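What follows is a single structure, written as structure tokens, with notes after it.
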Amino acid sequence: MSWEVVIGLEVHVQVNTKTKQFCGCSTEFGAEPNTQTCPVCLGMPGQLPVLNMEAARKSVLTGLAINADINLVSKFDRKNYFYPDLPKGYQITQFPLPIVEGGYLDIPTKDGEKRIGITRIHMEEDAGKSMHEGLDGVSHIDLNRSGVPLMEIVSEPDMANADEAIAYLKQLHQLVCFLDVSDANMEKGQFRCDANVSVRRPGEPLGTRAELKNLNSFRFIKQAIEYEVNRQIELIEDGGEVVQETRLFDSAKGESRSMRSKEEAHDYRYFPEPDLPPLRFTQEEVDAIRAGMPELPGQLRKRFETEYGLSPYDADVLTQTRDLATWYESLVAAHPADPKRCANWMANELLGRLKETGTDISASPVSPARLAGLLERIADNTISGKAAKDVLDAMMTSEDDADAIIEAKGLKQVSDTGAIDAIIHEVMAASPDQVAGYRAGKDKLLGFFVGQVMKASRGKANPGMVNQRLKELLKG
Amino acid sequence: MPFSTLSELKSRLDAGETTAVEIARIYLDRIAEFNEELNAFVDIDPAHVLEQAQASDAYRASHEARPLEGLPIAIKDIFCTQDGPTQCCSNILKDYHAPYDAHVITRLKEAGAVLVGKTNMDEFAMGSSTETSAFGICRNPWDTDRIPGGSSGGSAAAVAAALAPAALGTDTGGSIRQPASVCGITGLKPTYGRVSRRGIIAFASSLDQAGPMTRTVKDAAMITAAISGHDAMDSTSVPNVPTVDWLAACDQTDMKGLRIGKPKEYFVDGMDSGVRTAIDTALSQCEALGAEIIDISLPHTDAAVAAYYVIAPSEASANLSRYDAVRFGHRCENPEDLLDMYTRSRDEGFGAEVKRRILTGTFALSSGYYDAYYIKAQQVRTLIRQDFINAFEQVDVIATPTSPVTAFRLGEKTDDPLTMYLSDIFTIALNLAGLPGISQPCGFSDGLPVGLQWMAPAWREDLILGAASAYENATDWVKEPAKFGGKA
Ligand SMILES: [Zn+2]
């Protein structure tokens, strides 16, 4: 008998504002511990929160991008619990009335596109960081992260396996990057995921779920979900029962362990935050945010296919990030004659070379204008495609433009009929048996002659012309 | 001179008849002489007071004097000040030094005031008698066997005994007005949002408001003028509110055409007959000054105390979570682990009343009880607000006793928190509604001061300052000093 898997995800996205959610401290990552703090984010007596409106606008923008409703009035609440890296003893969040409700993302699956519901997005503040390891029984606390703005994006339990969960997360990750609402660097904890996982027999009501905490890479998320699904199925098939609990995934061991049961779950005692009035937006303000919305990955992909005639694959590669898409469009602007050639050279040649050195497109040593200069020389037959790859190699480490490198390396292609004919005559003279064979009907020998001519020209002969002239001259 | 009003001291300073240093010395001398008995101040640094006074005199010599130039003002221990300790009269904040000044402290400094010490209060402002202070009880200058009210009891006692000409207090459920009433002085609670709460150690955020405690109505207006105004760093400080001409409002000498509401719910069985007589007499005097007394009803008044004792402790339970021994404040000796550090530090640091309110609030917010307590209390709060809106369609201001009783004996109610809570019965509704109120002396009952409370619609402090000024002008109560120390 088969099992159905039900997965819902809660994603904490760090909003990329310069300052924290409720104070003026910097959100810059990696500073010396406790240097980016002030009385507000340290929870000193008497200090009060003031909302970062930029973070609120970015939350609205995200809501609009997932086709959700924006609550023109939303409210803040206190979530109470004691932890040393939570300075106030409560987290300011949004509970009954969040800023965004009811949206969706369409994700690619092996059975085609699938719509994943998004229940809500609420604004909240991050806690600090506790450090225990290697400190000989004491703990250290870094409050630089305390008060950093977060959006918690809560999905419906619409995903049926780990692959769908990953597809959703990748789609969401790409979206927040495109919107420039988050840097979403997972290693820096700017995009973190909790997963709610349950299993059931088809047609039965939802099973008891376990919550998997703090998954911070796509690989671990997949591992953790798959481990949890197997654990629950085995448990039930052995006659056991899944209990509602929070589990922590140990990526080193590839397994999870129980962190706390339902009985030990916190009672967060949410209540309205009296230090903050309701957050209000007018419809005009929301419309203005909508008007400033950048093109989203899906729209961009479709436009690249129709406007530039790209294959779905190339369109997908070149819209992975906004930087890539922008770079591609700059390249097309500089080499408008052949957008497909632009896509091939950027996706296959340039990105391949950047990947080898781990360089981001934004730091590419070759600019769109320089690459366009090279593509022009391919278009006008100055060099062959093969030679162009050598030129691009040279461009990665030099600041010269394509023409200078072609000149210096003597890669200019021979497209002069007289010169090509002369070489062909030499080759024919040196290979009388093959000439006879060809003339007797062995068409396949054409390849032999092309190879010989290209070799004699040291690769510089224009291959198209070589082909054409050979056919002509071999006729005899 | 010590029993002078702030305005009188200001006139003498402006006329060059005295100096800030001379004034400071007079009050420092009185503090040295009488504070041991009263315990109105829990911290005083005479050298620092004199320094400020000298600086003020120097400023006056070369500049035009600022509004409160050289005037001493005592500060409740709830206001964060960079100078000296800020302890909220709690052991959990013993020797805590705030790294910044509260917004109102900055405003007082900018106005040229000389800040004098920290006054005694109920721990974290939770109390009506100043008996929950971790730093000892405070005595009422009118009868030192009695309480000075609370939670701003130290500020009230200091002004009543002329250890300072004026003081700052805070009012969450009556903590300015009730001690002002039982100490025979004037105390103003401004409209919620009029004065910034930044730097005031939070008790109940949706109710707390700072205000002056003074000898006269005009003195209260002078201080409110200095401390009120929008603060962008307090999101509940309201921008663009109707401004009040604070001093001009106090020029009123009659009540012609003023409609005064007399709510029947504030004249109840069980209140002191002496209090009732004093208030009735005061209202007759108001009539004589031209006012019309109109019987009104604030029907949900009897639910105010219950709603308050859910909402205030709920907010407090969260506000006081930051005292966790991690970053500042009291930490127990040799904690075994995190839980031990939390529980033992908080157990040692907080007094019984604070613990009672944290527990009450934690309970009220707990899953399964939230709807029955917190939500219900918020609904009551809405009804109380509506009561006032309805009443102010009929009348301009409302007059009531500030407290149903005069100062009770020390220890009389400490074992019975419920009776203690009922001493705020006439002041609490105003905080729940966020409205302005003032208490002023209006006579005596068995030799103890009685307070007359005025209430107005939001942002209409001018109405109650006007009425209270007219009443003060027509009577002599503020000229009656506390019979204390034989030096009156
Ligand atoms: Zn900060």
Q.
Just to be sure before I move on: is A:Thr27 β-branched (Val, Ile, Thr), within 11 Å of the ligand (Cβ to nearest atom) and farther than 29 Å from A:Phe178 by Cβ in the structure I sent?
A. no
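Residue-wise test of (1) open to solvent by less than 10 Å² (accessible area, probe 1.4 Å); (2) part of a strand (DSSP E or B); (3) more than 30 Å from B:Lys355 (Cβ to Cβ).
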| position | (1), (2), (3) |
| --- | --- |
| B:Val159 | yes, no, yes |
| B:Leu163 | yes, no, yes |
| B:Gly173 | yes, no, no |
| B:Ala180 | yes, no, no |
| B:Gly184 | no, no, yes |
| B:Leu188 | yes, yes, yes |
| B:Gly193 | yes, no, yes |
| B:Ser206 | no, no, no |
Q) So which residues in the range B:141-157 are outside any loop (DSSP other than H, G, I, E, B) and touching a Leu at 6+ places or on another chain (Cβ under 8 Å), if there are any at all? A) B:Asp143, B:Arg146, B:Ser155, B:Ala157
Q. Given A:His132, A:His173, which one is closer than 30 Å to A:Gly292 by Cβ, without any contact (Cβ under 8 Å) to a residue 40 or more places away in the chain and more than 16 Å from the ligand (Cβ to nearest atom)?
A. A:His173
Q.
Only one of A:Gly137, A:Gly203 is away from the ligand (no atom under 16 Å from the Cβ), at positive phi, without any contact (Cβ under 8 Å) to a residue 40 or more places away in the chain and within 14 Å of chain B (Cβ to nearest Cβ). Can you tell me which?
A. A:Gly137
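Residue by residue, here is whether (1) touching a Cys at 6+ places or on another chain (Cβ under 6 Å); (2) among the hydroxyl-bearing types (Ser, Thr, Tyr); (3) within 14 Å of another protein chain (Cβ to nearest Cβ) holds:
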{"site": "B:Asp231", "(1), (2), (3)": "no, no, yes"}
{"site": "B:Ser235", "(1), (2), (3)": "no, yes, yes"}
{"site": "B:Leu247", "(1), (2), (3)": "no, no, no"}
{"site": "B:Cys250", "(1), (2), (3)": "no, no, no"}
{"site": "B:Gly257", "(1), (2), (3)": "no, no, no"}
{"site": "B:Pro263", "(1), (2), (3)": "no, no, no"}
{"site": "B:Gly270", "(1), (2), (3)": "no, no, no"}
Q.
Can you list residue pairs whose Cβ atoms sit under 7 Å apart, with the first residue in the range B:189-206 being over 16 Å from B:Ile176 (Cβ atoms) and at the interface with chain A (Cβ under 8 Å from one of its Cβ atoms) and the second being of a type in the set (Phe, Trp, Tyr) and open to solvent by less than 10 Å² (accessible area, probe 1.4 Å)? Count only pairs 6 or more apart in sequence or on different chains.
A. B:Gly199/B:Phe79
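Rundown of residues vs (1) more than 9 Å from every other protein chain (Cβ to nearest Cβ); (2) assigned to a helix (DSSP H, G or I); (3) open to solvent by less than 40 Å² (accessible area, probe 1.4 Å); (4) in contact with a helix residue (DSSP H, G or I) (Cβ under 8 Å, 6 or more places away or on another chain), yes/no style:
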| residue | (1), (2), (3), (4) |
| --- | --- |
| B:Ala306 | yes, yes, no, yes |
| B:Ala318 | no, yes, yes, yes |
| B:Ser321 | no, yes, yes, no |
| B:Asp324 | no, no, yes, yes |
| B:Pro335 | yes, no, no, yes |
| B:Asp340 | yes, yes, yes, no |
| B:Arg344 | yes, yes, no, no |
| B:Glu353 | yes, yes, yes, yes |
| B:Phe363 | yes, yes, no, yes |
Q) Quick one: would you say B:Asp231 is modelled with pLDDT of 95 or more, more than 20 Å from the chain's Cα centre (by Cα) and open to solvent by less than 50 Å² (accessible area, probe 1.4 Å)? A) yes
Q) Can you find a residue in the range A:45-55 that is in the same structural domain as A:Pro277 (by TED's automatic domain parsing), without any contact (Cβ under 8 Å) to a residue 24 or more places away in the chain, more than 16 Å from the ligand (Cβ to nearest atom) and closer than 20 Å to A:Met151 by Cα? A) yes
**Q.** Residue in the range B:114-124 that is more than 24 Å from B:Asp14 (Cβ to Cβ), within 12 Å of the chain's Cα centre (by Cα), of a type in the set (A, V, I, L, M) and outside any loop (DSSP other than H, G, I, E, B) present
**A.** no
Q) Among A:Gln36, A:Gln14, which is the only one that is within 11 Å of the ligand (Cβ to nearest atom), crowded, with 16+ Cβ neighbours inside 10 Å, closer than 22 Å to A:Asp183 by Cα and in contact (Cβ under 8 Å) with a residue 12 or more places away in the chain? A) A:Gln36
Q: Please give the number of the condition A:Glu4 fails out of (1) away from the ligand (no atom under 16 Å from the Cβ); (2) within 13 Å of chain B (Cβ to nearest Cβ).
A: (2)
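Take the residues in the range B:365-374 that are open to solvent by 60 Å² or more (accessible area, probe 1.4 Å) and not aromatic (Phe, Trp, Tyr); name whichever of them is farthest from the other protein chains (Cβ to nearest Cβ). Give the steps one after another, and end with the answer.
Here is the first cut: in the range B:365-374, the ones open to solvent by 60 Å² or more (accessible area, probe 1.4 Å) are B:367-369, B:371-373.
Then keep just the ones that are not aromatic (Phe, Trp, Tyr); that gives B:367-368, B:371-372.
On the way: B:Ser367: 5, B:Gly368: 9, B:Asp371: 12, B:Ala372: 14 Å.
Here the residue is B:Ala372.
Table: residues versus (1) of a type in the set (Val, Ile, Thr); (2) surrounded by fewer than 16 Cβ atoms within 10 Å (Cβ to Cβ); (3) away from chain A (no Cβ under 14 Å).
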site: B:Arg356; (1), (2), (3): no, yes, yes
site: B:Thr360; (1), (2), (3): yes, no, no
site: B:Ala377; (1), (2), (3): no, no, no
site: B:Val380; (1), (2), (3): yes, no, yes
site: B:Glu393; (1), (2), (3): no, yes, yes
site: B:Ala399; (1), (2), (3): no, no, yes
site: B:Pro404; (1), (2), (3): no, no, yes
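The values are calculated or read from the model by the stated rules, or taken from the named source; none is laboratory data. Please read these numbers as outputs of a predicted model, since none were measured by experiment. Please note: Cβ atoms are built from the backbone with ideal geometry, for glycine as well, and neighbour counts cover all protein chains shown. We work out accessible area using only protein heavy atoms, side chains counted, and drop any ligands, DNA or RNA first. Shrake-Rupley method; radii C 1.70, N 1.55, O 1.52, S 1.80 Å.
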